[in-house]
Amino acid sequence: MRYEELTIEGRNAVMEAFRAGKTVDKVFILDGCQDGPIKSILREAKKGDTIINFVKKERLDQLSETGKHQGVIAYTAAYDYATVEDILQAAKDKEEPPFIIVLDNIEDPHNLGAMIRTANQVGAHGIIIPKRRAVGLTATVAKTSAGAINYTPVAKVTNLATTIEELKEQGLWFVCADMDGEVMYNLDLKGPIGVVIGSEGEGVGRLVKEKCDFVAKIPMLGNIDSLNASVAMGVLSYEIVRQRMGE
């Protein structure tokens, strides 16, 4: 179900967003403010896994579009998130081995939008992103996905490493893209699989990388040693498509 991305300002408006069941990605609260309405907002935010940021008044003034933030500004997602179970169910419904994209440290909304678009084209059953240090399903992401966001579920989880462990127990293998790995053409990437992609700057985090079964190197013949994250995801995903088609 879709709803418009919103910047919500003011104590009553933010509280009503929580009561209405909207997915609130982030809330910015005036540092040191501890009155009753703020405590109620904090309680609701913690229940819904909302990211809470305590900031100075100058930061709130900078973020505010109305000038009437009353010490609190919230951001809702443009689209509802799926669950990991929804993604596994999508694979089951198609009678296909699960094919999941896991994204670590992707903060650029254009990159995430492009990845959702590519995930749809390669037949991935869904995408998993972390709650922190990652862009959510904003309007820019939706626009860049060129409509794919309506067909490819995106789940947000608290801990990627833990989620990977849980999926491995259900029979999935995980491969991450990294220049230290084996050339991807030499790996058997068939069967239930998760593709793990990190940002260009930081790559896949150490704890997440340690959970992966394979590390795949994408051959590069140029003068620079990295690809845009969405391009790397596409290249590795299409190698999985090629191997699946050859089964």
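The values are calculated or read from the model by the stated rules, or taken from the named source; none is laboratory data. Just so it is clear, the structure is predicted and the values come from calculations on it, not from any experiment. Cβ sites come from the backbone with ideal geometry, for glycine too, and all protein chains shown count toward neighbours. The protein model used for the area step is the full one, side chains on, heavy atoms only, and it has no ligands, DNA or RNA in it. Shrake-Rupley method; radii C 1.70, N 1.55, O 1.52, S 1.80 Å.
Structural remarks
- Lacking any other cysteine beta-carbon closer than 4.7 Å, the following Cys residues of the chain have no compatible partner: 33.
- Each Lys and Arg adds +1 at its Cβ and each Asp and Glu adds -1 at its Cβ; summed about the Cα centre, segment 170-241 shows a dipole of about 160 debye.
- Theoretical FRET efficiency, 1/(1+(r/R0)^6), r = Cβ-Cβ of residue 146 and residue 58, R0 25 Å, to 0.05: 0.10
- Segment 118-247: C-alpha gyration tensor shape, a/c 1.5 cut-off, then a/b vs b/c: rounded
- Accessible area per residue in Å² at 1.4 Å probe, computed on the chain: 51 Å²
- Protein accessible area in segment 96-199, 1.4 Å probe - carbon and sulfur %: 45 percent
- Among 161, 45, 20: highest mean-square fluctuation, GNM of the chain, C-alpha pairs under 10 Å: 20
- Set of segment 118-161 residues, backbone N closer than 17 Å to the point 7 Å along the Cα-Cβ line of residue 200: 135
- Cross-link reach list, aspartates and glutamates versus residue 190, counting only Cα pairs under 18 Å and skipping chain neighbours closer than eight places: 95, 96, 169, 182, 213, 239, 247
- The mean sequence distance of close C-alpha pairs (under 8 Å, at least 6 residues apart), as a share of the length of the chain, puts its relative contact order at 18 percent.
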